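Beneath this line is the structure, given in structure tokens, with notes to follow.
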Amino acid sequence: MPKIKSAKKRVLQTEKKRVLNVARKSSIKTAVKKVLVAVEELDMVNAKELLKDAESKLARAKGKGVLHRNTVARKVSRLAKAVAAADRAKE
């Protein structure tokens, strides 16, 4: 345990941020999974709505520094590509 006051404070801040970041990452994983399940079931109306939600969560994580911008771009791109391919396959 740190002895210096500022180091003690930093430990507390780091733990708060860690808990928030874990929650955000978990929320993103859930949102992405929901999109993929909707695509698998060819529920396109729901998939498009869920895609918007997932994109929003990913963008927020990028802004907060939880995920790297390239990681977010890759994930959004792959999700959008999957939804578009399923939409074409359904028609």
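Only the coordinates and a few stated rules stand behind these numbers; no lab work does. The model shown is predicted, which means the values in this text are computed figures rather than measured ones. We place every Cβ from the backbone using ideal geometry, glycine too, and count neighbours over all the protein chains shown.
Below are the figures for this structure:
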read-out	value
Residues within region 54-78 that are over 11 Å from the mean Cα position of the chain (by Cα) and surrounded by 15 or more Cβ atoms within 10 Å (Cβ to Cβ), tallied	0
Tally, over region 52-91, of residues that are in contact with a Lys or Arg (Cβ under 7 Å, 6 or more places away or on another chain) and β-branched (Val, Ile, Thr)	3
Looking only at region 2-45, and only at residues there that are farther than 26 Å from Leu67 by Cα, in contact with a helix residue (DSSP H, G or I) (Cβ under 7 Å, 6 or more places away or on another chain) and among the hydrophobic types (A, V, I, L, M, F, W, C), the one that is surrounded by the fewest Cβ atoms within 10 Å (Cβ to Cβ)	Leu42
Residue match in region 31-46 (condition: of a type in the set (D, E, K, R), closer than 20 Å to Lys90 by Cα, out of contact with any His (no Cβ under 6 Å at 6 or more places or on another chain) and outside any helix (DSSP H, G or I))	yes
Region 13-42 residues that are on the phi > 0 side of the Ramachandran plot, paired with ones that are assigned to a helix (DSSP H, G or I) (beta carbon under 7 Å, 6 or more apart)	Leu42/Ala86; Leu42/Lys90
Failed criterion for Leu51 (all others in (1) surrounded by fewer than 20 Cβ atoms within 10 Å (Cβ to Cβ); (2) closer than 21 Å to Ala89 by Cβ; (3) not β-branched (Val, Ile, Thr) hold)	(1)
Failed item, numbered, when Ala82 is tested on (1) surrounded by 11 or more Cβ atoms within 10 Å (Cβ to Cβ); (2) without any contact (Cβ under 8 Å) to a residue 40 or more places away in the chain; (3) among the small types (Gly, Ala, Ser)	(2)
